[in-house]
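Take this structure, written in structure tokens, and hold onto it; I'll ask about it next.
The values are calculated or read from the model by the stated rules, or taken from the named source; none is laboratory data. Quick caveat: nothing in here was measured; it's all calculated off a predicted structure. Here the Cβ positions follow ideal geometry from the backbone for every residue, glycine too, while neighbour counts run over all protein chains shown. For the accessible areas, the whole protein counts, side chains as well, though only heavy atoms, and no ligand, DNA or RNA atoms are used. Shrake-Rupley method; radii C 1.70, N 1.55, O 1.52, S 1.80 Å.
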Amino acid sequence: MTARIIDGKQLAEKLKLQMVPHLARLKEQSIVPSLTVILVGDDPASQVYVNHKANTFKKLGLISSVETYPAQMTEAELLDRIRTLNNDASVNGILVQLPLPPHFNADTVIEAISPAKDVDGFHVSNAGALMIGKPTFIPCTPYGIMKMLEDEQVTIRGAEAVVVGASNIVGKPMALLLQKAGATVTICNSKTRDLGAQTRRADILVVATGKPEMITGDMIKPGAVVIDVGINRGQDGKLKGDVQFESARQVAAAITPVPGGVGPMTIVMLLLNTVHAAEQQNLKQKA
Ligand code: NDP
């Protein structure tokens, strides 16, 4: 068996096209969703991600601005800038690109963003809302993965789902979303004993560790759906996932490639979250 390739790029394009009439209706009401992305320092990977985000917004006629600051910026200066953006009615969404340089406390920075403008869904109040099953802004990567599973018509209810990786931005929200959709979820981390014994039980396997090709075909249940979140640049300059694609595709029923899988979906979900933020803020203004 060779796995079906889940084409995240194609699905992302489809979802963007579907948004066009909705965006046109919003424009008639003078609502043009706008996002401000803050980039501190000169991490090359972050610069690429930020440009992707900004270009996607511009292509759809949305407003996006990227504010780039030197790595020496102080935390107080960044917090001050975030407060100004929180109070700026022309800005609907605020995103601080992670990772920040080491002298920043990322939690403090994220908590400074108004929850109503936290389109990444990382603020503690948005994370809490997801935790109790009443999500406001869902973190973009797991949100995009749920859309992919939906588009692939994967049965989640009753499925065994294993999430490898337990970060606040991918693994934990992913597990919560799968659990809410009716899966029985196992979350693994770097201390998990016999990882293969866990992953081999998975009907749905999501891997987000940042460890290149750590999941091999022998760790996958035949017929599983495998979602590879990892983005790792190899020494040859090519991008690699956290799953060894060639051996995994011999066993799985469906698998996301890297690149062209989860990545493009993450950006579309950021668009959706920003549109949602703009709508909510507009309603509040009218109330
Ligand atoms: P983090 O480093 O924050 O978290 C990694 C998680 O993986 C931790 O929970 C860690 O466990 C776990 N882990 C590490 N090694 C192992 C191991 N050997 N076995 C089991 N678990 C392990 O990473 P992120 O969640 O931020 O990102 C993960 C990957 O996803 C990265 O490659 C990143 O680039 C990519 N990414 C891709 C996105 C996209 O749009 N496609 C978006 C966001 C991230 P422990 O808790 O014990 O430390």
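With only alpha-carbon pairs counted, each pair once and no self-pairs, how large is the Kirkwood hydrodynamic radius of segment 140-263 in angstroms?
In segment 140-263 this quantity evaluates to 14.0 Å.
With the other protein chains left in place, how much accessible area per residue, in square angstrom, belongs to segment 114-224 at a 1.4 angstrom probe?
Accessible surface, normalised per residue, equals 46 Å².
Taking H as built 1.01 Å from N, whose amide H comes closer than 5 Å to the amide H of ASP242, not counting residues under 5 places away?
Those qualifying (amide H under 5 Å, at least 5 residues apart or on another chain) are GLU213, VAL229, GLY230.
Further question: Please list the non-local residues whose amide H lies under 5 Å from the amide H of CYS188, H modeled 1.01 Å from N, same-chain partners needing a gap of 5 or more.
Under 5 Å from the amide H of CYS188: VAL163, VAL164, GLY165.
In degrees between 0 and 90, to the nearest 10, how far off the longest principal axis of the chain does helix 8-28 point, with axes built from Cα atoms?
Between helix and principal axis, roughly 30 degrees.
For segment 89-103, take each phi angle, set θ = phi - 60°, evaluate the Karplus expression 6.51 cos²θ - 1.76 cosθ + 1.60, and give the result in whole Hz per residue in order, putting x for glycine and proline.
My calculation for segment 89-103 gives 5, 7, 10, 8, x, 10, 10, 9, 5, 9, x, 8, x, x, 7 Hz in order.
Note down the magnitude of the dipole of the chain about its Cα centre, charges +1 on Lys and Arg C-beta and -1 on Asp and Glu C-beta and zero elsewhere, to the nearest 20 debye.
Around 640 debye, computed over the chain.
While we're looking at this one, here's another question. Can you work out the Karplus-derived ³J(HN,Hα) for every residue in segment 146-159? Use 6.51 cos²θ - 1.76 cosθ + 1.60 with θ = phi - 60°, whole Hz, and x for glycine or proline.
Residue by residue, segment 146-159 yields 4, 4, 5, 5, 5, 5, 7, 6, 6, 6, 9, 4, x, 6 Hz.
Next up: Using alpha carbon centroids, what distance separates segment 209-287 and segment 117-161, in Å?
The distance from the Cα centre of segment 209-287 to that of segment 117-161 comes to 13 Å.
With springs only between Cα atoms under 10 Å, which of ASP120, ASP218, ASP242 fluctuates most in a Gaussian network model of the chain?
Between ASP120, ASP218, ASP242, it is ASP218 that shows the largest mean-square fluctuation.
First compute the accessible area of the chain with a 1.4 Å probe, then give the percent of it belonging to carbon and sulfur atoms.
54
Right, another one. Would you pull out the residues with amide H under 5 Å of VAL96's amide H, same chain only if 5 or more places away, H placed 1.01 Å from N?
Answer set, sorted by chain and number: ILE38.
A further question on this structure: Using only Cα atoms, what Kirkwood radius does segment 31-114 have, in angstroms?
13.2
Now a separate question. Tell me, in nm to one decimal, what length is gained between ALA71 and ILE31 on full extension, where the rule is 0.36 nm per residue of separation less the Cα-Cα distance?
Once the chain is fully extended between ALA71 and ILE31, it gains 11.0 nm.
Of the cross-linked pairs LYS134/LYS180; LYS27/LYS134; LYS9/LYS240; LYS147/LYS211; LYS117/LYS240, which ones have a Cα-Cα span greater than 21 Å in the structure shown?
Those over the limit are LYS27/LYS134; LYS147/LYS211; LYS117/LYS240.
Then there's this: Just for the chain, what percent of DSSP beta bridges are antiparallel, to the closest 5?
5
Per residue, how much space in cubic angstrom lies within the convex hull of the C-alpha atoms of the chain?
Given the Cα convex hull of the chain, per-residue volume reads 134 Å³.
Let me ask another. Which one, GLN72, GLN281, SER190, is farthest towards the positive end of the dipole of the chain when Lys and Arg carry +1 and Asp and Glu -1 on their Cβ?
GLN281
At a 10 angstrom cut-off on C-beta neighbours, averaged per residue, how do the peptides 182-193, 87-98 rank from highest to lowest?
Ranking, from highest mean packing down: 87-98, 182-193.
Considering only DSSP states other than H, G, I, E and B, which trypsin sites (Lys or Arg not before Pro) in segment 235-265 qualify as loop sites with at most 16 other Cβ atoms within 10 Å?
LYS238
While we're here: Residue by residue through segment 266-278, which ³J(HN,Hα) values in whole Hz follow from phi under the Karplus form 6.51 cos²θ - 1.76 cosθ + 1.60 (θ = phi - 60°), with glycine and proline marked x?
4, 5, 5, 5, 5, 4, 4, 5, 5, 4, 4, 4, 4
For a quick check, take a GNM of the chain with Cα springs below 10 Å and name the residue from THR266, THR74, THR274 with the largest mean-square fluctuation.
THR74
Hey, what did the chain get for relative contact order, percent, Cα under 8 Å, at least 6 apart?
Over the chain, the number comes to 22 percent.
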